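Read through the structure below, which is laid out as structure tokens, and then see the notes.
The values are calculated or read from the model by the stated rules, or taken from the named source; none is laboratory data. Just so it is clear, the model here is predicted, and its values are computed rather than measured. Heads up, the Cβs are rebuilt from the backbone with ideal geometry, glycines too, and the neighbour counts pull from every protein chain shown. Accessible surface areas use protein heavy atoms only, side chains included; no ligands, DNA or RNA. Shrake-Rupley method; radii C 1.70, N 1.55, O 1.52, S 1.80 Å.
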Amino acid sequence: MTEIEWWEYDEPAEFAEALAGDIQFIIESAIDARGAAVIALAGGRTPAPIYDKLVKAKLDWKRVTIVPTDDRIVPMGDALSNVTGLAKIFLPKGARVIPLTAEKAADYKAAGRAADARLQDLHWPLDLCLLGMGADGHTASIFPGPDLTEALTGPKERRALGVMPDPLPPEAPVARVTLSHAAIASARALMIAITGDEKKGVLERAIDQGASSSYPIGRVLAEVELPVDIHWSA
Ligand code: 6PG
């Protein structure tokens, strides 16, 4: 049974401050221990204030590698691109930002294979995986759809794969590349950042339902060995 710890904040500013501080500590500890830090950061709106605070931290950024937890298969610079947002924030600090969707690919599965190959060159496991969650219970781009089982149960060595959510999320109706369950569950630190009562209720139900949850995040968390820190702000 996964050990879950909830951290709740009354103010969004407190939430962002605390998470930025935790991420900074994880990065510093990784650099002290292994000379470098490799972290996966969620896209979406929730983590933006966290990254605004984190980017101000005094860190040896050139030793930090950042990869999105998932990305939409769109060109760099597209408003839907997660890596574009992360690059804008962290590249000027000297961090390395690795896209999941760099190459032109024949199809979304090929895009996933290319991303997986690129991630094989990184120090692993991740020092941190910071996940968000949609109101439908998806996390990273592990969505209901034809690729859900593969994302959850693929080979341990697979770090990323291409997925086609079904139904397509209206805010980003495109195929995606996501970190695999194996990549997420093997991270040295796993944090989830969500806001609002609706998402809190979904995540509580998902955890209660566990491996048989109708929410993808419930199935992702069911097989995680390390403690999971959930940070929630009203
Ligand atoms: C993405 C994210 C995704 C995100 C959730 C929540 O590509 O959209 O990686 O998993 O974390 O959709 O997004 P919000 O924080 O914008 O609600």
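For the set Glu204, Glu11, solvent exposure ranked by accessible area (probe 1.4 Å, protein chains only) runs largest to smallest as Glu11, Glu204. DSSP beta bridges confined to the chain are antiparallel in about 25 percent of cases. Note on the chain: Lys pairs 8 or more places apart or on different chains, Cα atoms under 15 Å apart, count 6. Here Met76 sits with roughly 120 square angstrom of accessible surface, probe radius 1.4 Å. Sorting 216-224, 40-48 by their mean Cβ neighbour count within 10 Å, with the most densely packed peptide first, gives 216-224, 40-48.
Per-residue accessible area (protein heavy atoms, 1.4 Å probe) orders Thr149, Thr65 as Thr149, Thr65, starting from the largest. Ligands, DNA and RNA excluded, the heavy atoms of Ser212 present near 100 Å² of accessible surface to a 1.4 Å solvent probe.
Taking trypsin sites (Lys or Arg not before Pro) across region 57-165, the ones in a DSSP loop with at most 14 further Cβ atoms lying within 10 angstrom of their Cβ are Lys58, Lys104, Lys156. The listed residues Asp197, Asp60 rank as Asp197, Asp60 when sorted by accessible area, largest first, using a 1.4 Å probe.
With the whole protein complex present, Asp10 retains an accessible surface near 120 Å², based on a 1.4 Å probe. Loop-located GluC sites (Glu not before Pro) across region 133-203 with a Cβ neighbour count of 10 or fewer within 10 Å are Glu171, with loop assigned by DSSP. Per residue, the chain reaches -10500 deg cm²/dmol at 222 nm when only DSSP H runs of four or more residues are counted, each adding -39500 (n - 2.57).
For region 1-134, the Kirkwood radius over C-alpha pairs fed into Stokes-Einstein at 20 °C and 1.002 mPa s yields D = 136 µm² per second. Across region 128-181, the relative contact order, built from alpha-carbon pairs under 8 Å that are at least six residues apart, equals 34 percent. The calculated P(r) of the chain, using every Cα pair and 10 Å bins from 0, goes 8, 36, 40, 16, 1 in percent. For the chain, the relative contact order comes to 25 percent (Cα pairs under 8 Å, sequence separation of at least 6).
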